[in-house]
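Remarks on the structure that follows.
The values are calculated or read from the model by the stated rules, or taken from the named source; none is laboratory data. The structure presented is a predicted model; accordingly, all values stated were derived computationally and were not measured. All Cβ positions, even for glycine, are placed from backbone atoms using ideal geometry, and neighbour counts span all protein chains on display. SASA here: full protein model, heavy atoms, side chains in, ligands and nucleic acids out. Shrake-Rupley method; radii C 1.70, N 1.55, O 1.52, S 1.80 Å.
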Amino acid sequence: MASLDLQRLRRLLPYLGRDRRRLLLSLLLLIPLALAGAIQPLLVGQAIAVLRRETRLPLLADLPVPAALQLLVGLLLVAVLLRLSLQGTQSYNVQVVGQRLTARIRADLFRHALALSLRFHDRTAVGKLLTRLTSDVDALAEVFGSGAVGVLADLVSLAVIAITMLLIEWRLGLLLLLLQIPVAGVILWLQARYRRANYRVREELGQLNADLQENLQGLEVVQMFRRESVNSARFAATTAQYRRAVTGTILYDSAISAWIEWVALAAVAVVLALGGAMVDGGAMGLGTLTTFILFSQRLFDPLRQLAERFTQIQGGLTAVERIGELLEQPIDIADLPEERIGPAARRSIGAGHGPGEVVFEGVNFAYRPDEPILTDLSFRIAPGEHVAIVGPTGSGKTTIIRLLCRLYEPQSGRILLDGVDIRELPQTLLRRRLGVVLQDTFLFSGSVADNLRLDADLSDAQLRGLCRDLGLDPLLGRLDQGLATELRERGANLSSGERQLLAVARVAIRDPAVLVMDEATAFLDPSTEATLQSDLEALLQDRTAIVIAHRLATVEASDRILVLRRGRLVEQGTHQQLRAAGGLYAQLAELQEKGLASL
């Protein structure tokens, strides 16, 4: 575990490279800070020594009592002011570096999460992912800001105090230092258990966020089916588990604090007893004893702060562990290195817009090993051909789209676009050549124009012209500010049909080589669909089209129909040919005509 922690911490070092000057300044301030803190008990002890006419520092030896006290008070004031100013400078720099560090880590985490395949996101709850991007990264910021550098500061302070005590009175100094050994041992023992408890807290917090996110996203269903009380009870159970996990960390944290306080009091008692005997016997002055009492308290301050910071560090190491687990997730779907791209792919990349031929060769795919979705699937769609894919629910229609867009990788077989394996094409180029309109439309918060542009470089005038050509003027006319209208989350201020219309339009303006439509007009009312139909016909002209549809009218106009059953291609042909064959398609079409089923 320790070696793995070190590996993950070393992985964070490059993030600090841009702020090495600030970091170096913070580290250089550690020694003067420790000296400024250690000199204060020494000055107070010397003040007592001056008043009792005991042995003084050479600097004070020839001064009268009033002058010596004035000098000591002045030095004490300078030490306090110096320590405060240095501490403020160090704290500011450390916090700035910590925030910059976490901002870079969060940005990289976000990019990595977006690059991970849908297979990873299918098995990872959104709330748990958000916890890693927010709470865990914040814990890391807290560790760096008040933990890592603070630990170094406490260690330096501990070393300076220890050396000073040994120089003044080695016997009492050695006794106090020996007391640190059992204190440190117990703290490390408790910290190891705190680490495990804290990991459970992070896991339970992730589950808490996942439940909260799921219920808020599904609020409409929750209210319609009167699930408020049931879901509230489940959320209360999750909250109780989180509370119990936090209680475990509180127990260890409190035990550490109580242990240090008890030992600190015992150390003061030992110093008073032994030091008092030494003062009574003339072996040591009262000023020196006062210095040691103050040092014994100061000696445990770094330990107390170390324990608190170790608690933060253990939480931070848990965060590093969880962040590392996410960063270590392999990117299943990545562009091939340039040296592995074949000549045909290189020519295709340089050619830009291709004719739009799509070929599946012996494709096998399963989301889970024991549940095959596509089995030895092979077909060819010629450039400019319009093909409909039909079949019962679960036959693999939508999976074909996901594989073609390379959102998932097949376990075996190849998918070719214009004669090139799609794995050899850069993902940006592949998805630029494919225009996909899904049944479930997702719109981002922002303006209508932003949702239409996405990655397209279009001026306002060009965008307005394209919208006019696509017949969007009636829709934009109904919106308060046209293209500048702000959409709420997921386009909640639009109807389902309006959202689908925008989804079709944002694909159309990209002029893709292959258009894929997964029941793209499912949510359009008849009048809106009729308005869009002529634009769709123009869009489909001389363009390869793959249509997944459940309505007979959509399927009949296709050049060819592919019929799937349990992931296998069982029939293909025109509407008339398949009706005449009397197979699965004919059965589905007949049931739909009777209103009993969809294709």
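Between region 262-297 and region 198-229, the C-alpha centres lie 58 angstrom from each other.
How big is the shadow of the Cα convex hull of region 150-192, averaged over all directions, in nm²? Spell out each step's value before the answer.
Values: hull surface 12.7 nm².
Seen from a random direction, the Cα hull of region 150-192 projects 3.2 nm² on average.
For region 353-425 versus region 502-520, the inter-centroid distance based on Cα atoms is 18 Å. Please give the helix 286-327 orientation as an angle from the longest Cα principal axis of the chain, in degrees from 0 to 90, rounded to the nearest 10. With rounding to tens, the tilt is 10 degrees. Looking at region 439-524, the chymotrypsin sites (Phe, Trp or Tyr not before Pro) that sit in a DSSP loop and have at most 14 other Cβ atoms within 10 Å of their own Cβ are Phe442, Phe444.
For region 214-296, what is the accessible area per residue in Å², given a 1.4 Å probe and the full set of protein chains? Write down the numbers at each step before the final one.
Working: 4940 Å² over 83 residues.
So region 214-296 comes to 59 Å² accessible per residue, rounded to a whole number.
Relative to the current alpha-carbon distance between Ala461 and Leu167, full extension at 0.36 nm per residue lengthens the span by 97.7 nm. In the full protein context, region 375-430 carries 33 Å² of accessible surface per residue, based on a 1.4 Å probe and ignoring ligands, DNA and RNA. The convex hull defined by the C-alpha atoms of region 352-487 has an orientation-averaged projected area of 10.5 nm².
When the Cα positions of Gly287, Pro330, Ile256 are compared along the charge dipole of region 253-336, Gly287 comes out farthest toward the positive end, with charges on each C-beta of Lys, Arg, Asp and Glu. Expressed as a whole percent, the accessible surface of region 233-337 that belongs to carbon and sulfur atoms is 62, based on a 1.4 Å probe.
Taking each residue as 0.36 nm, the span from Gln223 to Arg10 lengthens on full extension beyond its C-alpha to C-alpha distance by 71.8 nm.
Mind checking the per residue accessible area of region 38-136 for me, 1.4 Å probe, whole number of Å²?
On the way: 5420 Å² over 99 residues.
The answer is 55 Å² per residue.
The simple spin-label model puts a point 7 Å past each Cα toward its Cβ; for Leu77 and Leu251 those points are separated by 5.3 nm.
For region 161-247, compute Rg over Rh where Rg is the Cα radius of gyration and Rh is the Kirkwood radius from the inverse mean 1/r over Cα pairs. Write down the numbers at each step before the final one.
Values: Rg = 24.9 Å, Rh = 17.1 Å.
Using Cα coordinates only, the ratio equals 1.46.
Axis of helix 228-280 versus longest Cα principal axis of the chain: the two differ by about 20°, to the nearest ten degrees. Going through [x] 273; [y] 222; [z] 206, the figure that equals volume of the Cα convex hull per residue in Å³ as computed for the structure here is [y].
Rounded to the nearest 20, the Cβ-based charge dipole of the chain about its Cα centre (Lys and Arg +1, Asp and Glu -1) stands at 1680 debye.
Have a look at the DSSP beta bridges in the chain and tell me what percent are antiparallel, nearest 5.
In the chain, DSSP labels about 55 percent of beta bridges as antiparallel.
Basic side chains Lys and Arg get +1 at the Cβ, acidic Asp and Glu get -1 at the Cβ, and with that the dipole of region 207-276 about its Cα centre reaches some 200 debye.
Compared with the dominant principal axis of the Cα atoms in the chain, helix 496-508 is inclined by about 90°.
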